[in-house]
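None of the figures in this text is laboratory data; all of them are computed from the coordinates on show. Fair warning: this is a prediction, and the values are worked out from it, not measured in the lab. Cβ coordinates were reconstructed from backbone atoms using ideal geometry, including for glycine residues, and neighbour counts include every protein chain displayed.
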Amino acid sequence: NNTTEPPPPGSGDWVDIESPLEGDWLIEGETYRVRGIAESDTAGADIEEILVHAWYWYEEPGSPREKRDAFDWTQAVGTVNWSHNFFAQDWVDGEELTIEVKARDSTNAWSDTEVLELMLGSQSISIGNPSGQEPVSGTTTISGTFLTPDPISVEWRIGRGEWQEISVSSSQEYTTVDWSVSWDTTELEDGFHRIAVQGRDQSGVISDELRRTVEVDNFPPAPDLSIFGSISVEEYGVPVEEAYVNTFLEVRADVRNNGDADAEDVVVHLREFGTKRSEATIPIIEPGQVVEVILYWNPMASGNQELEVIIDPGQAIAESDRSDNSGTITFPVLSRPDGVDLSIRPGAVTTSPAVPRPNEPYTISIRVDNLGARDSDQVSIELSMMNEFGYELVDVINASTIIGQTSGSFTFSGNVSDARGVSYRATIITTTDLVSDNNVAEFVVVQDLVTLSGARTPALQSTHHIEASAGLGEDSLLFTSKGSELFVHRMAADQSLYTCLVLETEWIGDITVNSYQGIVTVAWTRSYLDENTFIRSTVSYTTIDRTC
């Protein structure tokens with residue numbers, strides 16, 4: 001129970017405070033327990049309750065000091081052996097906090113007030129050097145200050161390493177002490193590393209951990225190439241998890257430059273069980289850039305094949321780290337069935353144009369793969385269209401054979417209509433086929449009032465990378481990056497380009513855009529230094545109209 005009313009006066013010294021001790025320091029933000037014992041000086045009387053109270057002197061500049069309660073009279077836990085927990089707040093700094101305790105026994109008599117004088121202070125630690133705004137190299141000094149009562153040590157570490165101790169001391173009880181330690185940055189790789197420090201006082205209280213991220217740069221600018229993400233395999237532009245012997249495949253990988261210099265003429269090899277199968281050269285990869293490389297592969301043996309993509313196998317590029325210059329996957333290759341297996345597989349149906357317009361002619365191309373090892377007999381491909389009565393035959397194309405391990409393409413004229421979606425069914429008709437489940441494919445051709453033009457490259461500087469785009473009426477907004485800068489350009493239908501503004505100078509790699517009713521909403525990630533020179537990251541957003 002809490003009360004602002006003090007207990008009545010009493011007599012008798014029969015309540016004692018055992019902990020903390022007179023003059024001990026408390027730290028703001030920590031929880032403490034005041035405890036002790038009580039025994040009535042009246043024979044046969046029991047202790048009924050213990051009340052605890054704390055107060056301090058408060059003084060505004062230019063005003064007389066006044067007595068304020070830290071916490072009201074509060075009933076402690078227990079009687080003969082009692083205790084009370086409290087949270088030390090910023091009531092005073094470097095001044096006294098007075099604890100008062102009174103006991104009441106079963107005769108309703110009160111003891112004298114037991115008084116304990118404590119000191120209240122705070123802890124704070126700072127890093128003065130390095131600032132985090134400039135790279136560090138060689139042996140540098142990490143230094144700062146530590147405010148606390150009775151300082152004993154400062155602990156520091158790099159990243160998630162072990163804490164190391166720096167001894168500190170002061171002739172004053174409550175003061176700010178300087179601390180410093182030498183740091184050999186050559187023991188670490190170039191890049192960003194986190195310094196963490198915390199202080200400890202004589203009572204064992206540890207301050208909050210303070211962190212600062214700094215860049216270590218001991219080596220001259222150099223590329224640092226690596227495989228970024230996973231390696232994938234595609235057939236006809238469709239990702240596959242397995243393939244048949246003698247299939248023409250594309251092995252795709254992203255190569256990233258994690259270094260701080262351009263990498264030019266980057267040679268990439270594809271090796272199968274250590275034997276080179278394909279090679280590609282990337283003209284240039286700028287720092288921070290990710291470039292996709294496509295390597296061609298025609299497996300000729302069945303079983304699990306070990307594929308390795310190797311960057312710069314001849315080590316012609318001076319890199320700071322080659323440990324991540326390769327990536328390996330195991331890819332299953334299936335034997336061709338001894339016979340004929342005609343199939344319409346996912347991705348085998350295309351239209352021209354890719355999105356037909358309503359009431360305009362278009363063509364449908366259907367690829368039929370012979371997955372088997374033998375040539376087929378005569379084959380027919382039927383194209384049917386869905387109407388209110390079901391699928392109705394539209395056209396049939398015949399072929400004398402489809403050679404084993406190859407494919408054939410059959411082109412039909414699409415049905416001219418104003419429907420937004422037209423459902424079709426393609427069916428393989430043959431007398432020799434090992435598997436009939438893959439002889440039928442149903443698909444929908446979507447029609448819309450759009451015109452897809454061929455890819456065009458806007459007249460951008462070579463140092464700019466396109467990150468996103470959004471439609472804005474007849475124009476478009478193009479978002480590009482150059483290092484940590486993010487730019488907005490307005491692009492007309494004829495691909496002419498006008499740079500509107502620099503959206504961000506501390507961009508850290510992510511952006512998303514959305515266009516709605518003539519307004520483009522943009523959200524992106526950025527970094528900044530806060531008032532304590534910590535590197536922070538956040539998400540910003542804005543809206544952009546046609547005027548930029």
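Determine the shape class of region 238-366: with a ≥ b ≥ c the square roots of the Cα gyration tensor eigenvalues, call it rounded for a/c under 1.5, and otherwise prolate if a/b is greater than b/c, oblate otherwise. It comes out oblate by the Cα gyration axes. In terms of the mean number of neighbouring beta-carbon atoms within 10 Å, the peptides 413-419, 174-180, 250-256 order highest first as 250-256, 174-180, 413-419. Averaging the sequence gap over all C-alpha pairs within less than 8 Å and six or more residues apart, then dividing by the number of residues, gives region 225-334 a relative contact order of 33 percent. Partners of K102 within straight-line reach, counting lysines whose Cα lies under 30 Å from its Cα and excluding those fewer than 8 residues away in the same chain: K67. Per-peptide packing, taken as the mean over residues of other Cβ atoms within 10 Å, places 196-208, 362-374 in the sequence 362-374, 196-208 from highest down.
Across region 465-544, the convex hull enclosing all Cα atoms gives 79 Å³ per residue.
Label-to-label distance, L393 versus V80, with points set 7 angstrom from Cα along the beta-carbon direction: 10.5 nm.
Using a 7 Å offset from Cα along Cα-Cβ at V440, what residues in region 336-362 end up with backbone N under 19 Å from the label point? What the label zone holds, given the 19 Å backbone N cut-off, is 341-349. Amide H to amide H distances under 5 Å link V435 with L342, where only residues 5 or more positions off or on other chains count and H is placed in the peptide plane. Each peptide in 484-494, 238-248 gets a packing score, the mean of other Cβ atoms within 10 Å over its residues, and the list from highest to lowest is 484-494, 238-248.
For region 477-491, backbone nitrogen atoms closer than 20 Å to the point 7 Å from Q517 Cα along Cα-to-C-beta are found at 477.
Going through (i) 0.98; (ii) 1.25; (iii) 1.60, the figure that equals Cα Rg over 2.2 N^0.38 Å as computed for the structure here is (iii).
The H on the amide N of V136, modeled in the peptide plane, is under 5 Å from the matching H of E215, V216, D217, each at least 5 residues off or on a different chain. Between D90 and S137, the simple label model (points 7 Å from Cα in the Cβ direction) yields a spacing of 4.2 nm.
Across the chain, the relative contact order, built from alpha-carbon pairs under 8 Å that are at least six residues apart, equals 7 percent. The label point for A493 and the one for F228, both projected 7 Å from the Cα toward the Cβ, are 3.5 nm apart. Separation of region 39-58 from region 272-309 is 82 Å, based on Cα centroids. At an R0 of 22 angstrom, the distance between the Cβ atoms of T538 and E209 translates into a FRET efficiency of 0.55.
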